[in-house]
Amino acid sequence: MSFHLCSSPSSLLHDPNLFSVHPKPTPRTFVSSYNPNSPPFHSRNLLQIIHVSIQEAVPQETHIEKPKLDAASKRNAWVNPKSPRASQLRRNSYDSRYSSLVKLAESLDACAPNEADVSHVITKFGSNLFEQDAVVTLNNMTNPENAPLVLINLLETVKPSREVILYNVTMKVLRKSKDLDKAEKLFDEMLQRGVKPDNATFTTLISCARQCGLPKRAVEWFEKMPSFGCEPDNVTLAAMIDAYGRAGNVEMALSLYDRARTEKWRIDAVTFSTLIRIYGYSGNYDGCLNIYEEMKSLGVKPNLVIYNRLLDSMGKAKRPWQAKIIHKDLISNGFEPNWSTYAALVRAYGRARYGADALVIYREMKEKGLELTVILYNTLLSMCADIGYVDEAFEIFQDMKSCGTCEPDSWTFSSLITVYSCCGRVAEAEAALLEMREAGFEPTLFVLTSVIQCYGKAKQVDDVVRTFDQVLELGIEPDDRFCGCLLNVMTQTPREEIGKLIECVAKAKPKLGHVVKMLVQDESCEEGVLKKEASELIDSIGSDVKKAYLNCLIDLCVNLNKLEKACEILQLGMECDIYSSLQSKSATQWSLHLKSLSLGAALTALHVWMNDLTEAALTSGEEFPPLLGINTGHGKHKYSDKGLAAVVESHLKELNAPFHEAPDKVGWFLTTSVAAKEWLESRRSSGEVSA
């Protein structure tokens, strides 16, 4: 009885001669189509067997005609894998040949880089190589020196129908080793041989340039494609978003990205990372977040580089709350923060003055043994200086000195001296200044400004004058901030010693000295003269210090009990829009906003507002809204226990004013229109003219 088995179940069901009996027994036969000298198959795993019959002995008297196998049966047949013949067929399959070709590639990688040795290895292989064999061999090579020599040999011996394929595979070998120069040289040789490049050629060169960190070269190759009749596919176009972005052609990168969104190209995480970087560099931080959300909606998983770039962008944008969210996403998605992650968080929290969060990250870095750079240490110290973290600054400074990987620089000492100066720790500030000089750094104007501030807080006026003289001796020209510091020190100086500082101010900035003398002198000046001189002063200084100057000038007037002059300076600030929106009115509430003012300026603004209320209600007959409020904010000065709210509250009690702190609105003092009118009337009848 003879059974003809094929790989298709349907053939078993529909073959009418399935159970055919032959007149005489014949031996089992295995016939394979594989020939080691014939061209290979398309898949290395494909085993083609044209005919396998399994025949058993049957009685001779039974005679039935031998069935004819159909084409499908001739092509495919099941072979018992336990059969001794099966192992022989397996050895002859293309799997075996593929393994031999991989070993050939390894031998070619290892041989000397010359034509003779390459030819010897290929000849030693034993059997003829065909076009697909050549592709497999080159594709498995890694030696960029030998691959071009192997290519030349195979082109001569194999004579492939499409030489461009072998060139492309060889370029991929060069791409593995990031050798763009050799790949470009191979391209030139390809043209000289008359081989026309195809899309794969350019895609390989473009990706090689990207891997080499040469985006401009990638752009050059991309822009050559049309001249060779090649049209880039979506994968190449998506890759060019990254290349154009890195090459600095932001407009082209974003244009391609818009097209990618419309045509739904597949974009990888690397390209999204470049887009985030583009938006970050341009200051479009909302664009960074939009890209992040888009990639998540498309199912592209962010990598650690993307998270770090987002954190860096949020740091530049001073959005520490969003940095917190991104950091949380990073952790929840299973990523372990690396040094770049922590550095971005230190910068984000440090710049935004999120002191507690920055210190948590700093201590986590120390626990993990991660080293901080000078810049990171300085970022933390600068933050401490701005928010009054004195002890923490000292801890960070000591750690920096003992870490052994970096040394304090001029900025380090500047921040440390600023910390000590703002709280009036003279001994510590002087010690830090001495250490700075011993380290080889001469104090800058910024440092000397801090030192003057320190002496001013300690009311050591003679030391202020001595330091001022040092500035002039060093040939340093005082700037607006330095003069503003002198002005601030003057507001903390006893009246009998102000004259010493006026001389310093007059030397540093004559216009400022002239205005200060007009404020301090007892005799009144002609109407409008003070305002005119102060206006010229304000016009001559930078916009970043205008409010600070006006605050100090008003504070000085209040300290000297010269309220009329203080009001004149305040009026100038309002006219110049330096003090904007101090007063606001709505149908339900009139308000005074004091949050951005110094103590003296706030009390002066309160005095002016109460006079305005008196004029409105008692003279003009205006109707008050149901509520009147004063907004002081709820914070206190970073280096002082005195907050504006406490000072204003105390002053309101002195005036017996009916304003009380709102229980549900921190920093607000409210009263009703009825209570306010009664108080204003009693104030006018008692003859009070000032607050």
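The values are calculated or read from the model by the stated rules, or taken from the named source; none is laboratory data. The structure presented is a predicted model; accordingly, all values stated were derived computationally and were not measured. Note that each Cβ is placed from the backbone with ideal geometry, even for glycine, and that neighbours are counted across all protein chains shown. Heavy atoms of the whole protein, side chains included, go into the accessibility calculation; ligands, DNA and RNA do not. Shrake-Rupley method; radii C 1.70, N 1.55, O 1.52, S 1.80 Å.
Go through the range 126-138 and report how many residues are surrounded by fewer than 17 Cβ atoms within 10 Å (Cβ to Cβ) and free of Cβ contacts under 8 Å to residues at least 40 places away in the same chain.
Total satisfying the criteria: 1.
Pairs please, first residue from the range 354-366 and open to solvent by 10 Å² or more (accessible area, probe 1.4 Å), second anywhere and of a type in the set (Asp, Glu) and outside any helix (DSSP H, G or I), Cβ atoms under 9 Å, 6+ apart in sequence or on different chains. Sorted first by the residue in the range 354-366, then by its partner, the list stays empty. Among the residues making up the range 267-305, a single one is at positive phi and open to solvent by 50 Å² or more (accessible area, probe 1.4 Å): 299.
Selection over the range 144-175 of residues that are crowded, with 19+ Cβ neighbours inside 10 Å and outside any helix (DSSP H, G or I) gives a count of 2. Filtering the range 524-543 to residues that are touching a residue at least 60 places away in the same chain (Cβ under 8 Å) and surrounded by fewer than 19 Cβ atoms within 10 Å (Cβ to Cβ) leaves only 542. For residue 363, the requirement of being at pLDDT 95 or above and of a type in the set (D, E, K, R) is met.
Residue 478 meets all of the listed conditions (1) open to solvent by 60 Å² or more (accessible area, probe 1.4 Å); (2) assigned to a loop (DSSP other than H, G, I, E, B) but one, namely (1). When residue 505 is tested against the conditions (1) open to solvent by 20 Å² or more (accessible area, probe 1.4 Å); (2) assigned to a helix (DSSP H, G or I), the lone failure is (1). Taking residues in the range 196-218 that are acidic (Asp, Glu), and partners anywhere that are in a helix (DSSP H, G or I) and surrounded by fewer than 21 Cβ atoms within 10 Å (Cβ to Cβ), the pairs with Cβ atoms closer than 7 Å and at least 6 places apart or on different chains are 198/164. Given the structure, is residue 413 touching a Leu at 6+ places or on another chain (Cβ under 6 Å) and open to solvent by less than 20 Å² (accessible area, probe 1.4 Å)? Considered against the rule, which asks whether it is touching a Leu at 6+ places or on another chain (Cβ under 6 Å) and open to solvent by less than 20 Å² (accessible area, probe 1.4 Å), residue 413 comes out as no. Screening the candidates 315, 355, 388, 369 for the property of being within 30 Å of residue 257 (Cα to Cα) and either over 12 Å from the mean Cα position of the chain (by Cα) or not hydroxyl-bearing (Ser, Thr, Tyr) (or both) yields one hit, 315.
Residues are listed down the side, and each one gets a yes or a no for (1) surrounded by fewer than 23 Cβ atoms within 10 Å (Cβ to Cβ); (2) aliphatic (A, V, I, L, M):
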{"position": "559", "(1), (2)": "yes, no"}
{"position": "562", "(1), (2)": "yes, no"}
{"position": "570", "(1), (2)": "no, yes"}
{"position": "574", "(1), (2)": "yes, yes"}
{"position": "583", "(1), (2)": "yes, no"}
{"position": "589", "(1), (2)": "yes, no"}
{"position": "598", "(1), (2)": "yes, no"}
{"position": "603", "(1), (2)": "yes, yes"}
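Just for the range 176-196: of the residues that are in a loop (DSSP other than H, G, I, E, B) and basic (Lys, Arg), which one is most open to solvent (accessible area, probe 1.4 Å)? Looking at the filtered set, the residue picked out is 196. Of the helices (runs of 4 or more DSSP H) lying entirely inside the range 259-358, those containing at least 3 residues that are of a type in the set (A, V, I, L, M) and at pLDDT below 90 span 269-281. Residue 318 meets the conditions (1) under 30 Å from residue 367 (Cβ atoms); (2) open to solvent by less than 40 Å² (accessible area, probe 1.4 Å) in every case but one. The failed one is (2).
Evaluate the range 514-522: report whether one residue or more is farther than 22 Å from residue 494 by Cβ, surrounded by fewer than 22 Cβ atoms within 10 Å (Cβ to Cβ) and either in contact with a helix residue (DSSP H, G or I) (Cβ under 9 Å, 6 or more places away or on another chain) or at pLDDT 95 or above (or both). Give the steps one after another, and end with the answer.
At the first step, the residues of the range 514-522 found to be farther than 22 Å from residue 494 by Cβ are 514.
Still in the list and also surrounded by fewer than 22 Cβ atoms within 10 Å (Cβ to Cβ): 514.
Remaining after also requiring either in contact with a helix residue (DSSP H, G or I) (Cβ under 9 Å, 6 or more places away or on another chain) or at pLDDT 95 or above (or both): 514.
Yes, some residue in the range 514-522 is farther than 22 Å from residue 494 by Cβ, surrounded by fewer than 22 Cβ atoms within 10 Å (Cβ to Cβ) and either in contact with a helix residue (DSSP H, G or I) (Cβ under 9 Å, 6 or more places away or on another chain) or at pLDDT 95 or above (or both).
For (1) modelled with pLDDT under 90; (2) under 30 Å from residue 117 (Cβ atoms); (3) in contact with a helix residue (DSSP H, G or I) (Cβ under 9 Å, 6 or more places away or on another chain); (4) among the basic types (Lys, Arg), each residue gets a yes or a no:
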site: 158; (1), (2), (3), (4): yes, yes, yes, no
site: 161; (1), (2), (3), (4): yes, yes, yes, no
site: 170; (1), (2), (3), (4): no, yes, yes, no
site: 175; (1), (2), (3), (4): no, yes, yes, yes
site: 187; (1), (2), (3), (4): no, yes, yes, no
site: 197; (1), (2), (3), (4): no, yes, yes, no
site: 211; (1), (2), (3), (4): yes, yes, yes, no
site: 214; (1), (2), (3), (4): yes, no, yes, no
site: 230; (1), (2), (3), (4): yes, no, yes, no
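The lone criterion from (1) modelled with pLDDT under 95; (2) among the hydrophobic types (A, V, I, L, M, F, W, C); (3) within 27 Å of residue 459 (Cβ to Cβ) left unmet by residue 525 is number (3). Is there a residue being over 37 Å from the mean Cα position of the chain (by Cα) and surrounded by 14 or more Cβ atoms within 10 Å (Cβ to Cβ) anywhere in the range 440-451? No, that holds for no residue.
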